[in-house]
């Protein structure tokens, strides 16, 4: 969210309900093909590269292993997986850089939802535009005051309190825990999956009505594998990784894949974003999929890092999400002042107006 990471707490959540987040920091060049994930360098939230060797907490320099490659051996892809995966992809395989279309049986719900996850200072109430609030819980709220070990399941009493607050305010929560490794050593991955599931169980038992899920954990965010094409070895290996974390997605009430922007290539972004949605639907059929979007280029993506997207780019991202996902969570604004005339916001307002009109028309049919 923030720069790198996840989502900050939502507008209707009081400051005492979500502790100021502690972030992971990353310093990687996403253009290199030595990492499967596009990087999010030095910014406060969402770090797509944690599981690629970037696991240092804020306050220390992350160590990125430059020797990690995207080979099948490293990703642990089994040869026997190929036939199964190809049959799963039947009807949705596309050539490289062409949209990866989710099967018709997993089409989005009729009512598209736009959640406001922005952190701008002095922003207006977006609910007037039809946007909905959402609770985003970061590491600092899960382990308040630095208490406890972030590599262990958070204290159950803390989780229960957060769950109750979220259920009574927004009714939906995104949990941003990125330090538990979900790729690499199988034993470590298995331990991480168990911790994610234990934490979810505490949330769900404390507040059964709460919709809760993790930011960008399942499916795992990957830019280059979708670009390589759905029949490439890298794509199949990525699917195997998503199969491994599938139990987390299946237990969650909603999925929150991330599709932040790393490059100026709009066709490449669309291929990558639709693939995140398609994988979310594949590993957890029937669960709502809310795509995380950010109207700025990820700060770790070179010359454009931190720049706002062009109007046509942002519009395309919103429309792509509306076509394939059940909703979006718009994130951004960390340490920024609200600008009512910002072009991304004007585009968003227009998008909200069109979406409301389309849904009203569909309801009236």
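Tabulated results
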item: Any chance residue 123 is part of a helix (DSSP H, G or I), touching a residue at least 60 places away in the same chain (Cβ under 8 Å) and crowded, with 17+ Cβ neighbours inside 10 Å; result: no
item: Qualifying residue in the stretch 278-295 (condition: surrounded by fewer than 17 Cβ atoms within 10 Å (Cβ to Cβ), free of Cβ contacts under 8 Å to residues at least 40 places away in the same chain and on the phi < 0 side of the Ramachandran plot); result: no
item: Candidate set: the stretch 317-356, residues that are within 17 Å of the chain's Cα centre (by Cα) and in a helix (DSSP H, G or I); chosen: the one surrounded by the fewest Cβ atoms within 10 Å (Cβ to Cβ); result: 322
item: Residues of the stretch 265-293 that turn out to be more than 26 Å from residue 195 (Cα to Cα) and touching a strand residue (DSSP E or B) at 6+ places or on another chain (Cβ under 8 Å), as a count; result: 3
item: Within the stretch 143-159, tally of residues that are over 18 Å from residue 197 (Cα atoms) and either assigned to a helix (DSSP H, G or I) or touching a residue at least 12 places away in the same chain (Cβ under 8 Å) (or both); result: 3
item: When residues of the stretch 206-216 are limited to those that are more than 20 Å from the chain's Cα centre (by Cα) and touching a residue at least 40 places away in the same chain (Cβ under 8 Å), the one nearest to residue 270 (Cα to Cα); result: 209
item: Verdict on residue 235 being on the phi < 0 side of the Ramachandran plot and in a strand (DSSP E or B); result: no
item: Residues of the stretch 263-289 that turn out to be touching a helix residue (DSSP H, G or I) at 6+ places or on another chain (Cβ under 8 Å), at pLDDT 95 or above and farther than 22 Å from residue 249 by Cβ, as a count; result: 4
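Each row is one residue, and each column tells you yes or no for (1) free of Cβ contacts under 8 Å to residues at least 12 places away in the same chain; (2) closer than 22 Å to residue 319 by Cβ; (3) crowded, with 24+ Cβ neighbours inside 10 Å; (4) within 16 Å of the chain's Cα centre (by Cα).
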{"site": "218", "(1), (2), (3), (4)": "no, no, yes, yes"}
{"site": "221", "(1), (2), (3), (4)": "no, yes, yes, yes"}
{"site": "225", "(1), (2), (3), (4)": "no, no, yes, no"}
{"site": "240", "(1), (2), (3), (4)": "no, no, no, no"}
{"site": "244", "(1), (2), (3), (4)": "no, no, no, no"}
{"site": "253", "(1), (2), (3), (4)": "no, no, no, yes"}
{"site": "257", "(1), (2), (3), (4)": "no, yes, yes, yes"}
{"site": "262", "(1), (2), (3), (4)": "no, yes, yes, yes"}
{"site": "270", "(1), (2), (3), (4)": "no, yes, no, yes"}
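The values are calculated or read from the model by the stated rules, or taken from the named source; none is laboratory data. Here the structure is a predicted model, which is why all the values come from computation and not from measurement. Using ideal geometry, Cβ is built from the backbone for each residue, glycine included, and neighbour counts are taken over all protein chains shown.
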